[in-house]
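The next block holds one structure in the form of structure tokens; read it before the comments.
What follows draws every value from the coordinates through simple rules; no lab data is involved. Everything quoted here is computed from the prediction, not taken from an experiment. Neighbour counts run over all protein chains shown; Cβ positions are idealised from the backbone, glycine included.
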């Protein structure tokens, strides 16, 4: 066979394989019938604007007890791709629509994502439903999984909480008047209709337990309390890059390697632990910078940010204004003060993508601002 036809056939086969793999990635599995329990799962709110109100899923359990790793969790939310390309007005239905995305994952994967990577607690409510009502929920969810949710995401009217609430109120005796578009309020209002409520540990809770177990090892590991505070803040960060900074410090402590392994095994998801181990061994490709700046006794720290390759620390200080009229005491105002460091001054490339965090340590009337930057490994954008 001539070369060109064989090449065309090969390209066609590759295209079909890629298409098939793509279809398999997007095709969600259906829920099995006859769940033993159906639970509301409330994920506590995060630190960003779009995550601060938390999230709601439903968990379908098929064993003798709820909460097994193989349980299924189903939920709704804005498309991850659209979240990157649509503006903030799309969340309230202005302009381009945000596509609705359906998730159907094992409870173990879902729990680890929020608790270990996003550092949030979960609350579960096992709902008081009959076997018939539980099966009706399965059938309704499977219909949506097969066809997709018909409406775009809207933060007020079509969000994770309102959709789950609609399913529950349509297919169970739970009153419609109890429902809410805020996830935390929905969980609170459904507590009287639960036969069991459980709060599951966050990643920070898990890390604290490991650190407490190794308290003696850490007692003399840092020069001062500030160093220990920075280490713990990095270790407890939602940003993986800062946890890598904390883990790297453990490698310099006698006996720290064992603690590092315990933290990775017990407090990180399996995939994230593998990524962190890989980056720990590639120090030349993971640049980090730490600096400190002293504030005067009359100054107050306000913020620190990165813009256009410059780190800007903002503080302000009190100054006396002009004398007020009719004997009123002199007015006071605050004057803004900024200190800037270019990436070049910090030893970074001008186009470097980095993450920034800070800590303010006070001693008497003075404050010291510590800040650190770490190369963005893109782990939290996957």
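Would you please give the FRET efficiency between residue 194 and residue 27, computed as 1/(1 + (r/R0)^6) with r the Cβ-Cβ distance and R0 = 45 Å, to the nearest 0.05? The partial results should precede the final answer.
Numbers: r = 32 Å, r/R0 = 0.72.
Efficiency computed from Cβ-Cβ geometry: 0.90.
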FRET efficiency for residue 85 and residue 378 from the Cβ-Cβ distance with R0 = 22 Å, rounded to 0.05, comes out at 0.80
Pseudo-spin-label distance residue 226 to residue 345, built 7 Å along Cα→Cβ, given in nm, is 1.8
In nm, the gap between the two label points placed 7 Å beyond Cα toward Cβ at residue 201 and residue 62 is 2.9
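Based on the Cβ-Cβ distance of residue 136 and residue 368, what FRET efficiency does E = 1/(1 + (r/R0)^6) give at R0 = 51 Å, to the nearest 0.05?
Calculated value: 0.25.
Output the peptides 87-100, 160-173 sorted from most to least packed, where packing is the average of other Cβ atoms within 10 Å over each peptide's residues. Present the calculation step by step, with values, prior to reporting the outcome.
Values: 87-100: 15.1, 160-173: 19.6.
Put in order of decreasing packing, that is 160-173, 87-100.
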Placing each pseudo-label 7 Å from Cα in the direction of the beta carbon, residue 262 and residue 359 end up separated by a distance in nanometres of 2.0
Contour minus Cα-Cα span, residue 274 to residue 109, at 0.36 nm per residue, comes to 57.9 nm
So residue 219 and residue 302, fully extended at 0.36 nm per residue minus their Cα-Cα distance, gain in nm 26.7 nm
